[in-house]
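Note sheet for the following structure.
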């Protein structure tokens, strides 16, 4: 007989606040008719909800001891690891939503006025003329963040799937909503959606196999069943590999990365910023929990997979990033390489990964949002002086350091952080990841990672060379405009300050993550 | 006690921040600010010299320690023994001279000038920090972070090839640095661990296990060999030397490259004595190759800046030979040579820079017969050149002899071959002098300006110091004897086994 599970609402307050605000936001879409008012209200609601959720999570952090709370019929846990990811995801969400709201000085948004119109059609022009605004993106972002928070807190393969879809579907939509180059945007979204659906299917198949072998969907039971069996059933291994494939897809690791360059390039840049930081964080959070609880007994069987994917991601990501001429695609491939670095921390299955991975994601996410926030502000300028699309061709950034020293310096800082140069957050992140790997005996992998870092530095530095060492070509002097909105500026300053702070004095945050380095299994 | 070292690091860093923030109108004054800061640093350095307890030159003095990132075992731990102090004094001495030498480089573009000086000050902060670091993590962080100001110094200021040079420099340094990072991370796990895991004092004497020790040693050594630079990982230096500003190159070769040999001396030998002894024969072979190869290539250069760069490759070979011979005299000699080479090569780069500034060419073939037109410049050039070929009476001679004599007992062949390098040095110095300054005066060079007062002020103190230490070497060697003696027994005990 079915018994309704006992739901501990208090424990899940942060997620509930975010999802509820998302639902309210959708209602507001129907109620508020004026576009401008609606935008302000939606932004306020989204920010308010996420700040409140983060506040609640912090209060919970202070009140929970290491034991945390297991709730929802054993499907979700609220331990400090989950709370740490919650706060991180909310921070990414807040910064991302701020970017959503940024507009050019001419009042142009990043999103298409009406998603349902065909690109280049009469309807589109009409929607534009009437000043329509697409404010659904705010509730969509809230749903995505809520789904990601669940993703990081679940200890059950089925709940993991539900959370995966909750955060993926809004992302598919948001990717398709670019204002300019809409066909590219649609293409990116479609690829993302199709490949995402494909990987979801693989994941589900894997879950079915695991269920068939163990008779349970909960991480703890699966782990216990694996240990209990005297012989390794191929069902386990195949199931586990398929489950990991689904998660590695979200992480953007090679060979499951093919969606990322197109989705990154096609999506409106604020969405790219949010997606790049938050999706990767959520994927890493789920991967951490799955690998360190459910599949931990399969350590030996899965190690080769992690090593292979890590090496492939680092090498392929780095090599392909080297040849890109579009900035968004370059950052997309760099994010693929970073997925490899994240996996380096997993290799060796050292418990250090439980604090190293969240820290790495924090540093990576902040720098990513910062870099894309800079990108939204550098725009092409037409002959008649109207400010157009973002200047994403590398060559267009030549000489930016002379015209906008502070903005270019911030971009340089984010790039140095990606490259892992000391005194930036990225260095400490890399140090932690390498430490976790070496602790687990995976030092050959670290060696590969180090060589890839050196090669990767080359394309990060290439942009710095362009910005600071290259003189602006005469004909280009007038074709670039730095058009900033206070929101975008604020995001750049916040992320830049955080990258420096985490690079010089990471002690406090490291301690927090060390406190979070125990996992509840939900038993 | 007054925190000398932290102040020495913080002061130029603050100066750099001020220069970056200087409003448009005040940027013309950047030179004065930068010179003032570096002179103040120099005064502090001299005060340190007098306060330093020579009786225990081998122990760390002026020590400071604060917890920095206890979670990963890193501390802000500074302190110097004779080695560190000599290097810091060298850095403090050369920076104001380099600023003075480039006094007129940016006339007409005050913004550019203030940026350049800000980066120079920032580099000085890093240099002092590295030579004073008593914590491996701190050392590493500064070692890598220093690349940023250097990269901008090379890439933003200098000749047409500067972007290529900057990237080449960065990639070489990063490869070395990142390989070293693996070693640094590994050190935590094989070492004592804990809140002060990276303190050199805590790591010293730890048994890491033979394999681990050798691998970590190699990771560190590669980084230092690239920095030093040794053949075959030296190729970035000539590229940088010919394109970067002369002041940048002077600082780079005279001081920053010493971090390579300094690291070998104070990290490799101290932390990994067994591995150092194990690798010494191979390293000595590479050192000897550097000596000869560097000298031969120097003879073949037409570009004077490249020439000086290759002579340095040769000289660094001698230092490495001295260090890895593990003899008291040779190590002392190498440490002393690190200081002298800074004076000699720094002066050589600067005087070549003055020459280039007059004619706009670095090509030896564009010169001839300048002796008659600018006798003071010619004389100054000759003395500095002679210091590079280790003429007796000038301090580089003393240190070179110490290395060769000290190492002779253990590595006869290496010493004999390296001595050839000294003879080759005579060739490249004297041939260059002959081509540039003797013979009939070339057309267009008759009105070349004589060395100005400012330029004399830059070069003559360096010459004076080389003469002083050439005749009274014990003034400097007293600082280096004890730390050298402290390094040796650790290694020789391993050799004896």
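Of all the numbered requirements in (1) buried (at least 22 other Cβ atoms within 10 Å of the Cβ); (2) over 19 Å from the mean Cα position of the chain (by Cα), residue B:209 misses one, and that requirement is (1). Looking at this structure, is residue B:110 more than 12 Å from chain A (Cβ to nearest Cβ) and modelled with pLDDT under 85? Taking the combined requirement at face value, the residue satisfies it. Being under 22 Å from residue B:163 (Cα atoms) and either modelled with pLDDT under 95 or touching a helix residue (DSSP H, G or I) at 6+ places or on another chain (Cβ under 6 Å) (or both) holds for only one residue in B:122, B:78, B:49, B:85, and it is B:122.
Please indicate, with yes or no, whether at least one residue in the stretch A:391-413 is under 30 Å from residue A:346 (Cα atoms), within 12 Å of chain B (Cβ to nearest Cβ) and touching a residue at least 12 places away in the same chain (Cβ under 8 Å). Yes: one or more hits. In the set B:95, B:63, only one residue is closer than 30 Å to residue B:24 by Cβ and either in the same structural domain as residue B:29 (by TED's automatic domain parsing) or outside any strand (DSSP E or B) (or both); that residue is B:95. Within the stretch A:416-430, can one find any residue that is part of a helix (DSSP H, G or I), within 14 Å of chain B (Cβ to nearest Cβ) and either surrounded by fewer than 24 Cβ atoms within 10 Å (Cβ to Cβ) or without any contact (Cβ under 8 Å) to a residue 24 or more places away in the chain (or both)? No, the stretch A:416-430 has no match at all. Identify all residues within the stretch B:336-361 that are surrounded by fewer than 24 Cβ atoms within 10 Å (Cβ to Cβ) and under 20 Å from residue B:425 (Cβ atoms); write none if there are none. The answer is B:355, and nothing else. Just wondering, is there one or more residues in the stretch B:152-168 that are within 18 Å of the chain's Cα centre (by Cα) and within 7 Å of another protein chain (Cβ to nearest Cβ)? No, that holds for no residue.
Just one of the listed residues (A:374, A:472, A:465, A:446) is within 13 Å of chain B (Cβ to nearest Cβ), in contact (Cβ under 8 Å) with a residue 40 or more places away in the chain and either crowded, with 24+ Cβ neighbours inside 10 Å or within 25 Å of residue B:170 (Cα to Cα) (or both), and it is A:446. Within the stretch A:150-168, the presence of at least one residue that is surrounded by fewer than 22 Cβ atoms within 10 Å (Cβ to Cβ), without any contact (Cβ under 8 Å) to a residue 24 or more places away in the chain and in a helix (DSSP H, G or I) is confirmed.
When the stretch B:170-182 is filtered for residues that are crowded, with 24+ Cβ neighbours inside 10 Å and more than 7 Å from chain A (Cβ to nearest Cβ), the ones remaining, listed by number, are B:176, B:177, B:180.
The values are calculated or read from the model by the stated rules, or taken from the named source; none is laboratory data. Here the structure is a predicted model, which is why all the values come from computation and not from measurement. All Cβ positions, even for glycine, are placed from backbone atoms using ideal geometry, and neighbour counts span all protein chains on display.
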